[in-house]
Structures are given as structure tokens and as C-alpha cells.
Number of protein chains: 2
Amino acid sequence: MKAVTISKTNTEPTYHNASVTDIPKPELTEDGQALLDVHAVSFNHRDLWIRKGQYPVFLGADGVGRIAEVKGNSSKHKVGDRVVVMPSTGWDKDPRGPEEAYYILGGGHVNGIFSEQFVAQQDDLFKAPDHLTDAEAAALPLAGLTAWRAVFTKGQVRQGQNVLITGIGGGVALLALSFCVAVGANVYVTSSDDAKILKAVSLGAVGGANYKESKWGSHLQRLAGGEPFDVVIDGAGGDGVKTFTQILRQGGIIVCYGMTVKPKVDYTMAAVLRNIEIRGSTMGSRVEFKEMVDFVAKHKIKPAVSQVWPGLESAEEAFNVMRAGSQFGKLVLSMKNSSKL
Amino acid sequence: MKAVTISKTNTEPTYHNASVTDIPKPELTEDGQALLDVHAVSFNHRDLWIRKGQYPVFLGADGVGRIAEVKGNSSKHKVGDRVVVMPSTGWDKDPRGPEEAYYILGGGHVNGIFSEQFVAQQDDLFKAPDHLTDAEAAALPLAGLTAWRAVFTKGQVRQGQNVLITGIGGGVALLALSFCVAVGANVYVTSSDDAKILKAVSLGAVGGANYKESKWGSHLQRLAGGEPFDVVIDGAGGDGVKTFTQILRQGGIIVCYGMTVKPKVDYTMAAVLRNIEIRGSTMGSRVEFKEMVDFVAKHKIKPAVSQVWPGLESAEEAFNVMRAGSQFGKLVLSMKNSSKL
């Protein structure tokens, strides 16, 4: 079976080779497991970081496939079901954080899903929403789970609230946008690219500001008619917090799910005096994953897919697009056995 | 009537004079007001800061007194009732923050309570718990309200949780300790003074660590039997957050009610990856104040009083003690009309 793996031979010392290699087909060893024919997989920035640091490993946290074989008497799924895969293990339901040692697929010593077949616990498989193509379903798990926890568990976003989502264009930010729109929040975005702001508006955002403008905070306030913001969903970190504190209402919430711009945020007395909260947010629990998939099915939400390549062999090309950072939505590899692209 | 006021004549340019001056006795002008004979008042660091920046103003946010006169038909209080005064205005009940412009007594253009008599809205007066002396009741309002919001509204402290309260010795920290002990939490403290840690243990803390030790974090972990902490109640700011992140459980909460050590906290990816939240917390609403006073009465909690002086004339001496920072609990001035010291 083919899989995308990385190894230490490379031209750039900090960017290990990723290549398609032949590995033994995985087998079911325990009751409750299922074997998937993988239909499509998608990329996360995490996959890029793993190429820079860890090896060898089967890459990939995100994928969709069809069940080829099951072991044991569990009736949760049957052969032929199309399912998405919970992208992590060790976290069942505690809203605060993982109950056990927590692993994400395709990193450390946990196999990834960038391969033709994949073995998972049936409990970690959930019916793929019917309205999604394989490419869209493959784009959902990790970004959807991260966005779900950020928006609802941590941000507590509700109908009628003003929400700012920064850095629109990334997979998490775009799904956060769709989730907030679906519950009736008024969503505003930031980007360094005006075209991405326009696309966000076409997806339901009220408007947005280019954060390369010096007065992007006042611009957002004007767009919101002078009303304060309730929640900010941020994956950038760095200096934005100063502006967020100015435009948030008393007691407003900044959900921080990453720090791609600068790995530090200054929390100051200005924030304390306005009762502002910064809430760190990671991926989520199995319960949150199920809620997210059900919500996506109910509201017919579609993850944005920027580009689809046929076959695992295109992994290197997809990695190069991700390094350039110009995509709007997820990058996907589809397999020859995909039936619904 | 005598009152403690500040004026711009002074020897230190950044520390204005505070003196007892004769001012007109206040009068009731609106229905719903009540006139108090003030029995005792207490100091907050805020009063010190106000001496450094603002003038002229009647000082003081904290006090207890007996109702001397009422205006209008409100039946909430009657002449002779002993009451504590809500130390701020503009915040009725929203758990997120003030609904209106927010003022604390004794600052800006709002009169303080360091005076022989004081006029307040009846709605801002609450029966002083019977088990408290006047000095203890005067020590309660501002610190009690701040501690209440930090511990319960923001920290959501519950029975059985492990709670760390830093900088024990201050008025807010000591009341936070009593509140946490009253609901059955396991409280640990830090201080730079071992004697203060011992006093905290006598008030119900399990134990504490001197933060001048290099390994105070591991010391606290050992004291807690290796169990993680659920909540940190912090008024210091600065670098402690790095250690808090290590000893908190996944999803743990750091409540920040001030930054006396350093006006900035670094929030990092280490905190995000553990779902840690920093929650800014100020004084609270009228609803929180009432809950706090009722809780203090029910659990017979006593604010720690470090020292009591007779008469407003001792204000300067009390200010000097506060500047030195060696007190354990609140500094109080009692009036000649106090009946219950």
C-alpha cells in the first residue's frame, strides 16, 4: 500500500523529504476496529511543521474513506459506510481538556492517514455528511474540530453577537466563519489580502478590514455601527490583542487557537480593567467532534477547498502551495478509489 | 463635618497632601437617598494611587455606618440600620461588566467615604453582617467584592478544587482565601514572607510556598500531592504565569485582578496548548456585592484587619504603613461615633 512518509534525507536540513513509499497494508488486530479505503485526505500546517522536525512518520491527520472491513460485533458502522476520522486520540468528553495522553494522527508515533488504507477504532469514525464531496469531507476534521471548540466551547458565540475572525483564508478561520454565520452571529474578518475579505463576505461575513491599514480597529468599529464586539477568534497572536481590547465589550472574550504571527501575546492591565478574557483553545474532544459533524450536516456547511490533486504522489506539490501560503481553504489529495469528488 | 481630602500642596511632587478638612455636612437631595453616620472606613491601594495623581477629591471607597436620615418612601432601610456601602456605581447585574459609566467612590468626581457623614442611594446600602465589628465591616466592601468576582464569577471555584492564591496578605487575597475555604476548596498560597504563609494556614490554607525560592512551582505541586491546580487567583502579574501554566490542569483558569509586580503578562503557546485561560477581573456588580455580603454573613467570614486608628486624623499614619507594605489585612480608621469596634 502507498503512504506519504518522511525521512531524513533532504536538501534543506530543516525540511525533511516527504515521499510516497510502499508499506505493508494495515490489518485489523482488535475488536472494535475498522479498515478504511481512504478516499481523500487534506493538509494542515501541522504537516508542514512535522516535515521540519520529526521523522520517520506516516503523515496526515485529515481524511475520509469507506469502511472496507470491520472486526468484532460493534454495530456502529458497517462495510460500505463513508466516514470521517476523528483526528486525535485520548480526549473523550471533558470540556477542559484531554483525559488521557493526547495524540494527533500523523505525528510522533501515531500513524497518519496519507495512505491508501487506514485502521481506526470504530468509535473514532463518524458518518461523513451526505452533502459533502470526498474532498470537502477530507477538509473537515481537524479544522472543523478546532473551529468548533474555539467558537462554541470557548467563545460561547450566540445569535446576534458581533464576532471578529482574524486571518480569514485559513481552514480553521473559514469554518469558524461558517459556524458563526449558521447561528446568526454578525461576523467580521481581517486579512492582509482584500480579495480574501471579499470572498469571506460572499460566505456570509458582514465585512472586514485589511490589518495592514494602520486604523483597522476603527474601520471594524465603523462597520459594526459603533457597537462593541463580543468575541474575537484569533490564530495569529502578537500585537492584535491591543486593538481587540479596544473594540471588545466589557467582559469580551479573545479565543486564541494559535500564534502564527508571533508566539506571544501581551496581556495588560488595559485588558484586566475591561474584564477581558484570553482563552486558549486546541482541537477538541470526541463529543465536540460529533457535535461538529452533526452541525455541519444539519446546516449543510461546506469547508472551503482551495485545490485538489489526484493521488498521493502530488503531496510535494501541495506542500509547496501551503508553504507559499496563498490558498483560500484546504489543500486535498484524492485517491483513485474516491467515488464522490 | 470632617473629611480626608487631598490637595496639590506637598513636599513630594507626585504624592499630594492628604489632610482632614472641614467641609459642609452633606444633605439629602433626592428620594431614595440615605445619610449615614460613618463608623469606620478602610484603605485600599487605590487611595494611595489617587494621592499620586488626582486632586482635589474626598478620599475613600470603603466604609460602614449607621443610617441617620432617609428621604422618600423606600422601605429598604430605616434610621438606625448599620450598613456597608457598595463601593462603586454604574454596574447593576451584567456578569460581563458595567452597564453604564462606572465610578468607584473617592476618585475622579465621585465623593469618597473618609468623612464623618456620607450620602448614598439606599439601593447601594446593604445590612452589615452582625458578626462583624465596625472595623471588620469597613474592611469588607471593595476587597470583598473584588475577591468574590475573582473567585466565583471568573474563577468558578468549587468544592474539592485545588486553588492557588498568590501574594497572600493583601485584602483581596485574604478574602479570596476565606471564600475558597468556605466552599470546601483546597487552598494554597504564595508570599515572599514565610510568616504570612503560616498565618494563611491558620486561616484555612493547606500550605504555601515562598516565591523567592527558585522552585516554588514544584514545591506547590508536592504540597498538592502531585495533583494539578484548577484555578489561580493572581493580583501580581509578571512572570508567575509561566509557572502557573505548568502546575494548572488542562483548561485551568488564571484569574488576574491586578498586576502589582509588573503591568504585563506573557500569554504563550504553552498556555494555548493546555487550553489555559486568563480572565481579567475587576470589582463587581450590585448583584455580586449582595451575594458576597450574604455569603459573608452566612459563613461568618471575617476580613483580616491589620491595624485600627481612632479618627480621620490618623489617615497620614495609615498611608505610611500602606506604603511600607508590611500589613497583613486591612488598615482602618474608626470614628468617634463607632459603637461596635
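The values are calculated or read from the model by the stated rules, or taken from the named source; none is laboratory data. The structure presented is a predicted model; accordingly, all values stated were derived computationally and were not measured. Methodologically, a virtual Cβ is constructed for each residue, glycine included, from the backbone with ideal geometry; neighbour enumeration extends over all protein chains shown. The area values use the complete protein model at the heavy-atom level, side chains included, leaving out ligands, DNA and RNA. Shrake-Rupley method; radii C 1.70, N 1.55, O 1.52, S 1.80 Å.
The table for this structure:
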item: Cβ-vector label at 7 Å, A:GLY72, separations to other copies in nm; result: 6.8
item: 12 Å beta-carbon shell around A:PHE328, net charge (K/R +1, D/E -1); result: +2
item: Fluctuation leader among A:ARG66, A:ARG222, A:ARG249 - chain A, Gaussian network, Cα springs under 10 angstrom; result: A:ARG222
item: Reduced Cα scattering model of the protein assembly as shown, Debye log10 I(q)/I(0), q = 0.05 Å⁻¹; result: -0.30
item: Tilt relative to chain B, helix B:171-182 - C-alpha long axis, 0 to 90 degrees, to 10; result: 70 degrees
item: The range B:145-177 and the range B:24-49: distance between their alpha carbon centers, rounded to Å; result: 27 Å
item: Contact order normalised by residue count of chain B, Cα under 8 Å, 6+ apart, percent; result: 19 percent
item: Accessible area of the range A:156-280 divided out per residue, in Å², using a probe of 1.4 angstrom; result: 38 Å²
item: For B:THR146, solvent-accessible area (1.4 Å; no DNA, RNA or ligand), Å²; result: 10 Å²
item: Summed residue charge, Cβ within 12 Å of A:GLN117's Cβ, Lys/Arg positive, Asp/Glu negative; result: -1
item: Fraction of accessible area attributable to carbon and sulfur, the range B:112-183 (%, probe 1.4 Å); result: 49 percent
item: Residue-averaged 222 nm ellipticity for chain A, from DSSP H runs of 4+ at -39500 (n - 2.57), nearest 500; result: -7000 deg cm²/dmol
item: Separation between Cα centres of the range A:127-144 and the range B:290-340, rounded to whole Å; result: 62 Å
item: Chain B: most fluctuating residue of B:GLY226, B:GLY97, B:GLY217 per GNM, C-alpha cutoff 10 Å; result: B:GLY226
item: Listed residues B:PRO228, B:PRO263, B:PRO303, most fluctuating in chain B (Gaussian network, C-alpha, under 10 Å); result: B:PRO263
item: Position A:LEU273, label points 7 Å along Cα→Cβ, spacing to each other copy in nm (shortest first, one decimal); result: 3.5
item: Interface residues in the range B:234-253 - accessible area drops by 40 Å² or more relative to the isolated chain, probe 1.4 Å; result: B:GLN250
item: Under 27 Å from B:LYS215, Cα to Cα: lysines that are on another chain or at least 8 residues apart; result: A:LYS264, B:LYS196, B:LYS199, B:LYS242, B:LYS262, B:LYS264
item: Nearest-10 value in Å² for the accessible area of A:ASP193, using the 1.4 Å probe; result: 60 Å²
item: For A:ASN210, label point 7 Å along C-beta direction: distances to other copies, nm; result: 5.9
